[in-house]
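The values are calculated or read from the model by the stated rules, or taken from the named source; none is laboratory data. In this text, all values refer to a predicted model and were calculated from it rather than measured experimentally. Because the Cβ atoms are built from the backbone with ideal geometry, glycine has one as well, and the counts that use them run over all protein chains shown. Ligands, DNA and RNA are excluded from the accessible area calculation, which covers all protein heavy atoms including side chains. Shrake-Rupley method; radii C 1.70, N 1.55, O 1.52, S 1.80 Å.
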Amino acid sequence: MAISSNSAPSADAASTFMLMYGRFEAAHQQQLESLGLPKPLWKVLFKKLLEEKLDIGEWVIFGEKCDGMQNLSQHQLCLQKDELAAESDVFLVDHIWTTTASSVQQDLERIPGLLERMEQLTGIYPPLGSGELDDPLQDINVPVVMSQANVSEDQARELLRKHGGDIVEAIAAASESDQSKSDTLSVQNQIMQQLQTEDDKPLQWKTCAYEVEQYSLDGSDQLDGIDIRVPVGLSAGDVTCQVTSKHLKAAVGGKTVVDGDLHAPVEADEATWTVEKGVLTISLVKHTAEYWPKALLNEQRLDPALHKKHVQRVARDLWRYLQGYGYMARNSRQELSRSTSWYVPDGVGLALCHSETPNMRCLPFLFINDSGQLLPFNIMWPIKTISRGQVLTRDYCPAWLTDPPQRQGYLHSIFPDTTQFALDAHAQLLSSWAEVAQNAVRATLSSPSASSVGRLFVRSIDPQVQTAAADAGFELAARPEDADIVFDDEPRTNMCTNHHGINAAFFSTENAAMVLQRIAGAQPWLSPAFLLKRQIREFIGAALMHNHSWWLLKGDQVAQGIDMPTVLTDNWVTAVRHVDVGYVVAQQCAPSMVINDQLCLLERLVLLTPDNCVYLWNGPLSVFQYAVSTSKDKHSEQPCQILQPASVVSTDMLAQQLGSNVFARFVDGSEKVVADVMRLLLGLDTSDGKAFGVFRLLFAVGENNSPVLYEAHPMQVAEQQAVANFIPAIAAAVAGKADKSFISIK
């Protein structure tokens, strides 16, 4: 529905508009308030959304970027009207591409025209020479041409240049002066048979401009058909194709996309072309059914491995330009999940210059229309009065980031500069961690003392747990107040409940990392982790120093039962940009932590009693396995991966990979680390001595196959109930009557 602004609306139209606006405000109020958009502009925004009105072009002109200005474009925006008053209007900024963190590379390879557009944006182009023999595969062919044609190296290179790297034509051309045309064709056929196996004669290949596929028109073994597919985008204009027996030229919207002599004659009258899903497909019928080593004489094939590396380079650099937003959505099982999308804004958004004192604010906005569709835009509005000729500016840093040194680190991920500041900050942090480790205070663990325990309260008790508790001789209380031991996720005072004082250290992912830094510093069992909201500079320095490491990006739990998926990346720019969507910790994932493209984590369940005794669960050990790809030499490597839920595997698998003796030492080492972690954490204890704690610690394989603490958090009551006979064993240990279900550690 569009609402005209050229005439006064009727009463019915005004009533309909207000009804629609009421629904808009109800659905978007929280989002608009969090963005800080002034309330008088909400209705203006809604009207522009209905009309799909992108009218910033009426207010600004593009100019060449001045020296000293920072943005993501070669241009800047200047006001062309007399004045734009503060908070007087709001403008929509479109997105030219929206993706996910793990799909950036796939999209570049799959979406027609996207790679070329992003090459122009980043300035990273395919590593192909112009008039020079830069293709390594062509270099390999030089000795073959020298041998088969009996020519010098320089002559072989010249022949390959002249024939676009085609080895068959190069050798044939060397023999042509002494043979007739028919003899030349015979030589070509002989060379094809001698030099090309089936693997050397691919039926599909890519160039920078198009893809080629040759095939049989009737399903026989005769290769008499060939398609040339050109990505032209979904908004392609008029298509014109000119096909003669030896030449092909195609243009889209007046722009030539293919132009060159064909490898061999075709039946021009039988040529067809179609445009579907942004791809122009030109289908040709060969005059003679034969294998073509190329479609056009001047084409240069893309080597798959080199092309993959090129796409990865573009994907990495794009993280300077990508901007993100997070939202809640329901997955295929109708469960709420945290989702994150990334986008590149249009030319207007890219041309906004950075300023510490901006005159505009520009933020992502998710519009949910009446059909329930999620339509992302950026919205921007003036926060200061702007005069004619002034440059439009925004602050590229998030509003919460006010510390100047950390702002410098964040901006470095968008506008690269010298890196010494980050290296210095990292060195200073390492020095402070070393000092903390040297002066770390460790509490003494106690021996168990017996007490009388008869009644348990377990919140939302499972029937199997109820039976196990009864079998162990415990009564079940109906209320927490009537129980000797309380298993509840609600903190309670003056009760023996599973909320030990050190639980507070783990109330968030960020706080847990900060606490471990403060009490442990640099420990051999602690993988370095950086707070992305407070230690951006230090993290950049660490990433530069450990350029072969990957980084695990973790977010805080956004709601009960809804976790943010962990992201794995080897690109520090990607890590810093994830601050925008709520990620708070970057933890080093050293090469030793990944075995055969699997991140394996050993689980240890820990009980801390009110009298400071520490026990390890003596039940079957579990190993959690995440599939990852960190092998630099594999084409399948993804610079940014979203970890899927882990699978639980047998410890035999990890024991087999490490060796049984090494695995046994790894398990023993994890027990020592548990004791050290608990002694350090008890230094923070402010409890009343009545509560106990139940914790889940996960260990990765570190250097020399030693255990490295990956994660630690208190176990919810539901998690405890999921472990067979766990709760009755905890109650017995808390009462000082631990059986063989637990191992006491010191």
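Please enumerate, by chain and number, the aspartates and glutamates with C-alpha under 19 Å from the C-alpha of residue 277, excluding those fewer than 8 residues away in the same chain.
107, 109, 116, 211, 213, 227, 238
Counting only the heavy atoms of the protein chains, how much of residue 215 is accessible to a 1.4 Å probe, in Å² to the nearest 10?
Approximately 60 Å² of residue 215 is accessible to the 1.4 Å probe.
Could you tell me which residue out of 101, 408, 215 lies farthest along the dipole of the chain toward its positive end? Charges go on the beta carbon: Lys and Arg +1, Asp and Glu -1, centred on the Cα centre.
408
Near residue 554, which aspartates and glutamates are there with a Cα under 15 Å away, not counting those fewer than 8 places off in the same chain?
Residue 554 reaches 510, 563, 570, 580, 711.
Give me the dipole magnitude in Debye, nearest 20, for the chain about the Cα centre, with unit charges on the beta carbon: positive for Lys and Arg, negative for Asp and Glu. Walk me through the intermediate numbers first.
Details: 59 positive and 89 negative charges, 492 e Å.
The calculation lands at about 2360 debye.
List, in order, the whole-Hz ³J(HN,Hα) value for each residue of region 613-619 obtained from phi through the Karplus relation with A = 6.51, B = -1.76, C = 1.60 and θ = phi - 60°; use x for Gly and Pro.
Values per residue, Gly and Pro as x: 8, 10, 10, 10, 5, 9, x Hz.
Can you give me the C-alpha center-to-center distance between region 256-314 and region 374-429, rounded to a whole angstrom?
If we compute the Cα centre of each part, the gap is 44 Å.
Taking a 1.4 Å probe, which of 337, 387 shows the most accessible area, and what order do the others take after it? Write out the running numbers ahead of the final one.
Working: 337 30, 387 55 Å².
Output order, biggest surface exposure first: 387, 337.
Per residue of region 533-545, in order, report the coupling 6.51 cos²θ - 1.76 cosθ + 1.60 (Karplus, θ = phi - 60°) as ³J(HN,Hα) in whole Hz, putting x for Gly and Pro.
These are the phi-based 3J(HN,Hα) values: 9, 10, 9, 5, 4, 5, 5, 4, x, 5, 5, 5, 6 Hz.
On a 1.4 Å probe surface of the protein chains, which of 118, 653, 545 comes out largest in accessible area, and what is the full order?
Working: 118 0, 653 45, 545 120 Å².
Sorted by accessible area, descending: 545, 653, 118.
Report the accessible area of residue 229, computed with a 1.4 Å probe over the heavy atoms of all protein chains in place, in Å² rounded to the nearest 10.
In the full protein context, residue 229 sits at about 60 Å².
With a 1.4 Å probe and all protein chains kept in place, how much accessible area does residue 208 have, in Å² rounded to the nearest 10?
Result for residue 208: roughly 60 Å² accessible.
Which order do you get for 360, 69 if you rank them by accessible area with a 1.4 Å probe, largest at the top?
Values: 360 5, 69 60 Å².
Sorted descending by solvent-accessible area, the residues read 69, 360.
Solvent-accessible area per residue for the chain at a 1.4 Å probe radius, Å²?
Working: 35260 Å² over 746 residues.
For the chain, the solvent-accessible area averages 47 Å² per residue.
Carbon and sulfur atoms: what percent of the 1.4 Å accessible area of the chain do they account for? Can you show the working numbers first?
Values: 17160 of 35260 Å².
Answer for the chain: carbon and sulfur cover 49 percent of the accessible area.
Any idea which of 380, 26, 517 is furthest toward the positive side of the dipole for the chain, if Lys and Arg beta-carbons carry +1 and Asp and Glu beta-carbons -1?
The residue sitting farthest along the positive end of the dipole is 517.
Long-range amide H contacts for residue 598: which residues qualify at under 5 Å (H placed 1.01 Å from N, peptide plane, sequence gap of 5 or more or a different chain)?
Those lying under 5 Å, H to H, from residue 598 are 628.
Give the lysines reachable from residue 746 as a straight Cα distance under 29 Å; neighbours fewer than 8 places away on the same chain don't count.
672, 690, 737
Projecting each Cα onto the charge dipole of the chain (Lys/Arg +1, Asp/Glu -1 at the beta carbon, about the Cα centre), which of 62, 254, 231 comes out farthest on the positive side?
Value computed over the given set: 62.
I'd like the Karplus ³J(HN,Hα) series for region 309-314: coefficients 6.51, -1.76, 1.60, θ = phi - 60°, whole numbers in Hz, and an x wherever there's a Gly or Pro.
Coupling constants for region 309-314: 5, 5, 4, 4, 4, 5 Hz.
Determine the calculated [θ] at 222 nm for the chain from helices alone, applying -39500 (n - 2.57) to every DSSP H run no shorter than 4 residues and normalising by the residue count; nearest 500 deg cm²/dmol.
So the calculated ellipticity at 222 nm is -9500 deg cm²/dmol.
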